[in-house]
1. With θ set to phi - 60°, apply the Karplus curve 6.51 cos²θ - 1.76 cosθ + 1.60 along region 91-105 and write out the HN-Hα couplings as whole Hz, x wherever there is a Gly or Pro.
2. So what are the ³J(HN,Hα) numbers for region 133-139, from phi and the Karplus equation (6.51, -1.76, 1.60; θ = phi - 60°), rounded to whole Hz, Gly and Pro as x?
3. Give me the percent relative contact order of region 56-127, please, defined on Cα pairs under 8 angstrom at least 6 residues apart.
4. If amide hydrogens are placed 1.01 Å from N in the peptide plane, which non-local residues have theirs closer than 5 Å to the one on residue 134?
5. Quick one: putting +1 on the C-beta of Lys and Arg, -1 on the C-beta of Asp and Glu, what dipole do you get for region 2-144 around its Cα centre, in Debye to the nearest 20?
6. First obtain the Kirkwood hydrodynamic radius of region 2-144 from its Cα pairs, then insert it into the Stokes-Einstein equation at 37 °C and 0.692 mPa s, and state the resulting D in µm² per second as a whole number.
7. For the peptides 132-139, 104-111, 26-33, what is the packing order when you average, over each peptide's residues, the other Cβ atoms within 10 Å and list the highest mean first?
8. What is the set of long-range amide H partners of residue 120 at a cut-off below 5 Å, with H atoms built 1.01 Å from backbone N?
Amino acid sequence: MRTRKILLAIAAVAAAAPALAVNFEAGPISIDAPWARPTVGDGNSTAAYMKIENSGDAPDRLTSVKTDAADHVMLHESRMEGDVMKMVHLPDGVEIPARGAAELKPLGLHVMVMGLKTPLKVGETLPLTLVFEKQGEVPITATIGKASTK
């Protein structure tokens, strides 16, 4: 029963949507609708999501993410192992295929932001710098969105 409740809560979180959609472009790379979750109470971590598209003829790789708003940022993937959802660090980053995309979304690939210096509220923004193997550094702003049950 407890596992079912956890899975239902995870499903509700998966239905989250960004409050405002903003897009960023750098060469063949486009970042669509980056958003992050608000923190709970005085919480100091969040997860950020976005779709990264590559219109180029060569693949690229998101190798890391930086921000001055927190102490640590890591690329993670949520994976179900048995009845337990685990977050796995991706030290090699995320491949963005040529003429393809990678989607960072709840219950999948995501940017984990830890040690936030201030809590995040719906409607605020979080500055992030995406670091790509070929494209280099791409500054973006993630809108703090609200989880939806739709």
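1. Ordered by residue, 3J(HN,Hα) equals x, 8, x, 10, 6, 10, x, 4, 6, x, 8, 10, 10, 9, 8 Hz.
2. For region 133-139, the Karplus curve yields 4, 9, 6, x, 7, 10, x Hz.
3. Numbers: 114 pairs, mean separation 28.8, N = 72.
It rounds to 40 percent for region 56-127.
4. 61
5. On the way: 14 positive and 17 negative charges, 127 e Å.
Magnitude of the dipole: close to 600 debye.
6. On the way: Rh = 15.5 Å.
After rounding, the answer is 211 µm²/s.
7. On the way: 132-139: 15.5, 104-111: 19.2, 26-33: 17.2.
Order by mean packing, descending: 104-111, 26-33, 132-139.
8. Counting only residues 5 or more places away or on other chains, the set is 39.
The numbers here are math on the coordinates, done by the rules we state, and not lab data. These numbers come from a predicted model, not from an experiment. Neighbour counts are summed over all protein chains in view; Cβ atoms, including those assigned to glycine, are modelled from backbone coordinates with ideal geometry.
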